[in-house]
Amino acid sequence: MTQEINYLNRANGQPNDGINEMVRANWPDLVGQSFSGIITRGVGGNYNVRLSDGRQLVAVPRGIFRKTGYTPTVGDHVVCSLTNDPDVPARIDDIKKQKNVLVRPPLANTDYLILTFSVTSPAPDITLIDKLLIICGAAGIKPVLCFTKRDLDAKAADQAVDAFRQLGFTVFSTSFTDHRELDAFLGDDWNDKIIAFAGPSGTGKSTLFNAIAGKVIMETGEISDKLGRGRHTTRHVELIPCRGGFLTDTPGFTSLELSDLGMEPEEVITGYPEFLKLSDYCRFNTCRHIKEPGCAVREAVEDGLIGDFRHQDFVQERYERYIYFREQLDEIDPYIRKQRRESR
Ligand SMILES: Nc1nc2c(ncn2[C@@H]2O[C@H](COP(=O)(O)OP(=O)(O)OP(=O)(O)O)[C@@H](O)[C@H]2O)c(=O)[nH]1
Ligand SMILES: [Mg+2]
Ligand SMILES: [Zn+2]
């Protein structure tokens with residue numbers, strides 16, 4: 001059984017005396033040892049760390065992280081030890097190298113990001129889908145597209161799935177009663193994988209979360225309406241153990257600017273794998289795939305060689321959005337981009 005400590009920290013205005021003694025009394029095997037775990041939640045400078053055997057501790061980062069300006073992130077693999085400070089049960093001594101990190105949601109080491117868009121109410125924002133695909137591509141995270149609310153418009157759901165699938169994306173549609181395909185894709189043993197949701201508010205991220213977790217953990221839209229809080233029901237990022245890995249719901253958002261994230265112009269094409277794989281054939285390796293002579297990407301789009309014949313308009317529109325994002329980022333001074341990247 002999982003043992004948990006209810007650690008009430010000073011930031012919440014609650015006393016936490018004796019927490020260290022409690023840890024020592026309950027888990028003598030941790031005294032004088034280093035132990036590793038994963039950060040599942042962070043509030044007010046305190047981090048919940050889950051050890052591989054399921055025990056949970058609250059830890060505070062060593063001063064050095066404050067000096068280096070590095071803030072531990074949910075999803076970070078850390079090494080901790082117990083302290084002699086009565087206020088702090090454990091200290092984070094080391095943070096392992098991240099395989100990737102997202103800014104929104106703030107999350108490290110994501111394996112799959114489920115991009116959740118409803119087929120209707122709200123209608124899918126195709127530009128936002130492309131932005132999220134770029135963010136995944138640049139971070140090296142596998143995107144899984146999910147079109148929810150299939151029960152409201154099955155035809156639109158099938159069309160959306162079809163359009164992205166023929167380009168090679170992993171994409172599913174779900175409804176209240178049917179998320180079998182997505183479930184089967186995710187499998188039963190996640191082997192410590194972190195699976196997160198991203199997408200606009202009200203698209204059903206929390207609903208899907210609960211469906212996959214098999215129990216109601218996250219508050220969904222309807223409940224929050226009763227509380228009068230309206231949309232943006234989900235507020236913080238927390239890893240919840242699920243199928244041998246972790247699932248995390250994330251707050252929805254309506255806008256997202258690639259330029260604010262300090263993204264490099266060359267990273268835009270990572271969201272367009274159907275273009276990326278052709279870019280090796282461009283005449284110049286500095287090709288921006290816009291108007292350059294001998295551009296294999298532009299030629300393939302113009303000749304209708306990408307994707308199947310029914311989706312040529314879709315490919316053309318994807319290419320137009322690619323150009324839009326690429327030109328937008330090319331306009332920003334490289335120095336400003338660097339600053340934005342460092343301050344994000
Ligand atoms: N018809 C239909 N409605 C759905 C489906 N999934 C979710 N909803 C409804 O959509 C609304 C929003 O669902 P949530 O799961 O709270 O959405 P969310 O993406 O978590 O929203 P935020 O937390 O604000 O980002 C709720 O009223 C859900 O009941 C679905 O498959 N079909
Ligand atoms: Mg939610
Ligand atoms: Zn090119």
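Brief remarks follow.
- Distant-in-sequence amide H partners of Phe172 (H built 1.01 Å from N, under 5 Å): Leu145, Cys146, Phe147
- Once the Cα atoms are used to define both axes, helix 334-343 deviates from the longest principal axis of the chain by about 30 degrees.
- Angle between the chain longest axis and helix 126-139 axis [Cα atoms, degrees, rounded to 10]: 60 degrees
- The antiparallel fraction among DSSP beta bridges confined to segment 49-104 stands at about 70%.
- Cut-off of 10 Å, at most 13 other beta carbons, DSSP loop: longest stretch of the chain lacking such GluC sites (Glu not before Pro): 5-256
- About the centre of its Cα atoms, segment 10-97 shows a dipole size close to 340 debye [charges on the beta carbon of Lys, Arg (+1) and Asp, Glu (-1) only; nearest 20 debye].
- Packing-based exposure ordering (other Cβ within 10 Å, fewest first) of Asp53, Asp249: Asp53, Asp249
- Violating pairs (Cα-Cα greater than 20 angstrom) within the set Lys142/Lys277; Lys67/Lys193; Lys96/Lys193: Lys67/Lys193
- For segment 178-195, 3J(HN,Hα) computed residue by residue from phi via the Karplus equation (6.51, -1.76, 1.60; θ = phi - 60°) reads 9, 9, 4, 4, 4, 4, 5, 4, 5, x, 9, 10, 7, 6, 6, 5, 9, 10 Hz, glycine and proline entered as x.
- The ranking of Asp29, Asp76 by Cβ neighbour count inside 10 Å, starting from the fewest, reads Asp29, Asp76.
- Less than 5 angstrom separates the built amide H of Asp94 from those of Val79, all sequence-distant by 5 or more or on a different chain.
- The Cα center of segment 76-152 and the Cα center of segment 285-338 differ in position by 27 Å.
- Debye, to nearest 20: dipole size of segment 41-87, +1 on Lys, Arg Cβ, -1 on Asp, Glu Cβ: 120 debye
- Only helical runs count toward this figure. For the chain, summing -39,500 (n - 2.57) over DSSP H runs of n ≥ 4 and dividing by all residues gives -8500 deg cm²/dmol at 222 nm.
- Ranked by how many other Cβ atoms sit within 10 Å of their own Cβ, fewest first, the residues Cys146, Cys295 fall in the order Cys295, Cys146.
- Dipole check for the chain: with +1 at the C-beta of Lys and Arg, -1 at the C-beta of Asp and Glu, and the Cα centre as origin, the magnitude is about 760 Debye.
- Ranking Gly202, Val60, Asn191 by Cα position along the charge dipole of the chain, where only Lys, Arg, Asp and Glu carry charges on their C-beta atoms, puts Val60 farthest toward the positive end.
Here, each number is a calculation from the coordinates, and none is a lab measurement. Worth saying up front: this structure is predicted, and the values here are computed from it rather than measured. Note that each Cβ is placed from the backbone with ideal geometry, even for glycine, and that neighbours are counted across all protein chains shown.
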